[in-house]
Amino acid sequence: MSTLTRPKTEADAVAVAGGPVTLRGSIRVLLRVHRKALWGAGGLLVIGIGIVVALRIWMAAAKELCADGDMTPCGGPVYQPSYARTSTELFLSDGGTVLLLLAGLIGVFVAGPLIARELESGTFRLAWAQSVSPAHWLAARLAVPAALAVVGLTVLIAVYRWGLWALRGYPYSHLTTWYDSGIFPGTGPALLGFTLLAVAVGGLCAVLVRRTLLSMSLTGLVLGVVALGLHKRRYELWPHILRRGQGPQAVSPGDWHLDYGMLTASGHKLYWRDCLGTGTAENARACMRARGAVTNFTEVHPASHYWPLQLVETGILLALAALAVFAAFRVLRRLHG
């Protein structure tokens, strides 16, 4: 009759190796125990790179006659993009979301198999008995996935930006704007900040709950709330620009349009949304005039605001990650000394 065996943990590897274990040795043992997960992560990295490279090759092989992707004679009245270009745009339009989910999965892995499983089973005690202090034990489990995740996702960010670069000059693109919620999170340092937050939140939830599935679920919930909150309030992270006038005067290519309305003679803002409930467009214009509106305006984030928005968001995420790490070590010290 076969018997059930528990998964091999770091404590088991330490017991086999024998002798005291330093922080560096604890890291080596951790990598050896979770080598299957490392192989899986490496496979995902290769797949991600391969998809973008394949899309670029597909686009290069398309029979486009013009630099903007037109398959008809350049400058003609008809614009017809290649199927390869439109398909590449569609695939890449949610690449940022995919990278964000990948970062969240790293945090869930840290919360469950990496930390909570050993706390739940009690095998952490054997590792601590081999001269591995609780602080070193937790530090290894936060530092290793954080370092590997940052390196891997930095590569994916670079590859993703390279893929998006191929779509520049596409005049009818609406799916690959820099501010799109499916693109923005995966094109800059904000993704790395979210990754570090995911690792930190995973560690905090694990030492707080000490139950594998519950820790993983709580980590996913917290990260989902943070991602949704940033998505809803990202436009507020940097002051927007107010442009007067209508049409091309107010909105330029690449602008992130936020809101629009009219200014009174004193400069007070009146938004069209406050008058749209009056029925027809003519009634809305009459509503604005009755309130003293004289000049149209539009609130936008120009393309030059990309980096300020990215850096502010990264700073917020890093601050939250630092707080989560501090809290995780305080909880561990309180519970286990």
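The values are calculated or read from the model by the stated rules, or taken from the named source; none is laboratory data. Source: prediction; values computed, not measured. All Cβ positions, glycine included, derive from the backbone under ideal geometry; neighbour counts span all protein chains shown. The protein model used for the area step is the full one, side chains on, heavy atoms only, and it has no ligands, DNA or RNA in it. Shrake-Rupley method; radii C 1.70, N 1.55, O 1.52, S 1.80 Å.
Only one of these is of a type in the set (Asp, Glu), free of Cβ contacts under 8 Å to residues at least 60 places away in the same chain and open to solvent by less than 20 Å² (accessible area, probe 1.4 Å): Asp255, Asp259. Name it.
On the way: Asp259 fails: open to solvent by less than 20 Å² (accessible area, probe 1.4 Å).
After applying the criteria, what remains is Asp255.
To keep it simple, each residue is scored yes or no on (1) farther than 30 Å from Glu64 by Cβ; (2) open to solvent by less than 50 Å² (accessible area, probe 1.4 Å); (3) part of a helix (DSSP H, G or I); (4) touching a residue at least 40 places away in the same chain (Cβ under 8 Å).
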position: Ala140; (1), (2), (3), (4): yes, yes, yes, yes
position: Leu153; (1), (2), (3), (4): yes, yes, yes, yes
position: Tyr170; (1), (2), (3), (4): no, yes, no, yes
position: Leu175; (1), (2), (3), (4): no, no, no, yes
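Pick out the one residue from Pro239, Pro253 that is at pLDDT 85 or above and assigned to a loop (DSSP other than H, G, I, E, B).
Answer to the check: Pro239.
Per-residue answers, yes or no, for (1) of a type in the set (Phe, Trp, Tyr); (2) more than 19 Å from the chain's Cα centre (by Cα); (3) more than 16 Å from Leu114 (Cβ to Cβ); (4) outside any helix (DSSP H, G or I):
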{"site": "Leu192", "(1), (2), (3), (4)": "no, no, yes, no"}
{"site": "Thr195", "(1), (2), (3), (4)": "no, no, no, no"}
{"site": "Ala200", "(1), (2), (3), (4)": "no, no, no, no"}
{"site": "Ala206", "(1), (2), (3), (4)": "no, yes, no, no"}
{"site": "Ser215", "(1), (2), (3), (4)": "no, yes, no, no"}
{"site": "Lys232", "(1), (2), (3), (4)": "no, no, yes, no"}
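Mind checking which helices (runs of 4 or more DSSP H) fall wholly inside the range 9-94 and carry at least 2 residues that are modelled with pLDDT of 70 or more and either β-branched (Val, Ile, Thr) or open to solvent by less than 20 Å² (accessible area, probe 1.4 Å) (or both)?
Numbers: elements: 10-17, 23-33, 35-61, 83-92.
Ranges flagged: 23-33, 35-61, 83-92.
Of all the residues that make up the range 289-314, how many are in contact with a Gly (Cβ under 6 Å, 6 or more places away or on another chain) and of a type in the set (Val, Ile, Thr)?
Here the count works out to 1.
Could you tell me which residue of the range 281-337 is nearest to the chain's Cα centre (by Cα), considering only residues that are buried (at least 16 other Cβ atoms within 10 Å of the Cβ) and without any contact (Cβ under 8 Å) to a residue 24 or more places away in the chain?
Restricting to residues being buried (at least 16 other Cβ atoms within 10 Å of the Cβ) and without any contact (Cβ under 8 Å) to a residue 24 or more places away in the chain, the top hit is Ala284.
Give the residues of the range 151-210 that are at pLDDT 90 or above and among the polar types (S, T, N, Q), sorted by residue number.
Correct list: Thr154, Ser181, Thr187, Thr195.
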